[in-house]
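Below is one structure, written out as structure tokens; the observations come after it.
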Amino acid sequence: MKNGLIINGSLDSWAGENARIDGLMKSEYGKLLREAYDALDVSVLFQSRIHGNGHIERTMLLGAMIAQALGLSVHESRMLLLCCSYHDIGRRNDFRDNAHGNIAAKKLMSPDMKRKFRGYSGDDFRIMQAAITLHSISDSEIDSVARRYDLGANCRDRYYRVAKCLKDSDNLDRVRLGDLDAKHLRHQESIDMVPDAQWIFDKYRTAQSHRR
């Protein structure tokens with residue numbers, strides 16, 4: 001399994017059991033997800049049982065599912081998957097930490113991280129920084145974060161879409177903690193995925209136990 005990931009090597013078998021994943025893998029969004037998994041650098045991820053590789057893998061899969069359900073463009077879907085990949089690199093612990101999104105966004109400025117985001121500059125790069133900053137704080141800060149990253153009116157809609165999809169992708173994996181509250185999800189399409197999020201977590205946990 002490339003990069004030591006579990007889901008990338010399981011998607012074909014999971015698709016045979018889950019209609020939503022089957023539809024994803026037959027679409028362009030499934031191809032984008034594969035590319036994102038192949039490019040993921042696990043060495044920079046926060047390592048823990050709660051916010052480590054497993055959480056990132058599942059958030060990426062859920063992000064691809066949301067992108068498909070909402071019909072995001074290929075470009076925005078790639079941006080979302082990059083945000084899902086590295087949204088927690090600013091974590092220092094597994095506890096509530098409102099600052100870790102901002103720390104992660106700052107880390108994107110390092111030469112190594114910028115290489116991972118090659119092809120995205122200007123507005124797109126700042127949109128991803130802003131989305132990652134926002135993911136760990138209240139939605140009420142969405143516009144103040146946009147101003148912080150100098151996101152003008154021409155890119156606000158793109159920022160809103162990527163940021164809200166990242167938040168929903170991240171929140172759906174709260175099934176691992178047993179405290180997901182669907183009323184905090186931002187899209188009806190995300191709410192409809194709650195059973196799938198639980199199914200993915202259960203399958204992941206089973207696959208993980210088989211590797212030990």
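Annotations for the structure displayed:
- So D88, is it over 20 Å from R186 (Cβ atoms) and touching a helix residue (DSSP H, G or I) at 6+ places or on another chain (Cβ under 9 Å): no
- Selection from the range 179-190 of residues that are surrounded by fewer than 16 Cβ atoms within 10 Å (Cβ to Cβ) and either of a type in the set (K, R) or more than 19 Å from the chain's Cα centre (by Cα) (or both): K183
- Candidate set: the range 66-123, residues that are among the β-branched types (V, I, T) and touching a residue at least 24 places away in the same chain (Cβ under 8 Å); chosen: the one nearest to V42 (Cα to Cα): I89
- Spans of helices (runs of 4 or more DSSP H) in the range 6-46 with at least 3 residues open to solvent by less than 70 Å² (accessible area, probe 1.4 Å) and aromatic (F, W, Y): none
- When every residue of the range 161-169 is checked against the conditions, none turns out to be touching a Phe, Trp or Tyr at 6+ places or on another chain (Cβ under 6 Å), buried (at least 19 other Cβ atoms within 10 Å of the Cβ), at pLDDT 95 or above and closer than 20 Å to I66 by Cα.
- Test: residue in the range 49-60 that is in contact (Cβ under 8 Å) with a residue 12 or more places away in the chain, surrounded by fewer than 16 Cβ atoms within 10 Å (Cβ to Cβ), assigned to a loop (DSSP other than H, G, I, E, B) and of a type in the set (A, V, I, L, M, F, W, C): yes
- Residue within the range 134-151 that is surrounded by 24 or more Cβ atoms within 10 Å (Cβ to Cβ), in a helix (DSSP H, G or I), of a type outside the set (S, T, N, Q) and more than 14 Å from the chain's Cα centre (by Cα) present: no
The values are calculated or read from the model by the stated rules, or taken from the named source; none is laboratory data. For clarity, every value in this text was computed on a predicted model and none was experimentally measured. Note: ideal-geometry Cβ built from the backbone for every residue, glycine included; neighbour counts use all protein chains shown. Please note that ligands, DNA and RNA were not included when accessible areas were found on the heavy atoms of the full protein model with its side chains. Shrake-Rupley method; radii C 1.70, N 1.55, O 1.52, S 1.80 Å.
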